[in-house]
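Novice: What follows is a single structure, and I will ask about it in a moment.
The values are calculated or read from the model by the stated rules, or taken from the named source; none is laboratory data. Computed from a prediction, not measured in an experiment: that's the story for all the values here. We place every Cβ from the backbone using ideal geometry, glycine too, and count neighbours over all the protein chains shown. When the accessible area is computed, the model is the full protein with side chains, heavy atoms only, and any ligands, DNA or RNA have been set aside. Shrake-Rupley method; radii C 1.70, N 1.55, O 1.52, S 1.80 Å.
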Amino acid sequence: MQLEGAKIILRKFKIEDAEQVYKNVCEPSHRPWAYAIKDPYSLKDATAWIEKTHKDFETREAFQFAVILKETGEVIGGGGD
């Protein structure tokens, strides 16, 4: 599933997003909003989390969406439950 707006795309996270998720979580200015995420956070943690979001989608336990900047394809955030 994918939803597109004028500037963003909402879609399931992909394993390829792990590096950008890792960078976003580790960005010091983002840490206040990532308080529930362990510190230090690793690329392995990001990959494991994305794998969990896939399982959660399959079981309908939770739905996490990547927020993608349409212009660049960059993962700029995420959301869901």
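Novice: Pull up segment 25-81, narrow it to residues that are among the basic types (Lys, Arg) and either out of contact with any helix residue (DSSP H, G or I) (no Cβ under 9 Å at 6 or more places or on another chain) or under 21 Å from Ile9 (Cβ atoms) (or both), then point me to the one that is least open to solvent (accessible area, probe 1.4 Å).
Specialist: Result: Lys70.
Novice: Something else now. Every residue in segment 1-14 that is outside any loop (DSSP other than H, G, I, E, B), open to solvent by 70 Å² or more (accessible area, probe 1.4 Å) and under 12 Å from Val75 (Cβ atoms), please.
Specialist: none
Novice: Take the residues in segment 15-24 that are charged (D, E, K, R) and within 21 Å of Lys55 (Cα to Cα), then tell me which one is least open to solvent (accessible area, probe 1.4 Å).
Specialist: Checked segment 15-24; the qualifying residue least open to solvent (accessible area, probe 1.4 Å) is Asp17.
Novice: If you take the residues in segment 10-24 that are touching a helix residue (DSSP H, G or I) at 6+ places or on another chain (Cβ under 8 Å) and of a type outside the set (A, V, I, L, M, F, W, C), which one is modelled with the lowest pLDDT?
Specialist: Applying the filter and picking the extreme gives Asn24.
Novice: Report, by residue number, each residue of segment 22-62 that is outside any helix (DSSP H, G or I), closer than 27 Å to Met1 by Cβ and without any contact (Cβ under 8 Å) to a residue 12 or more places away in the chain.
Specialist: Ala34, Ala36, Arg60, Glu61
Novice: May I ask you to verify whether Leu43 is modelled with pLDDT of 95 or more and under 14 Å from Gly79 (Cβ atoms)?
Specialist: No: the conditions fail for Leu43.
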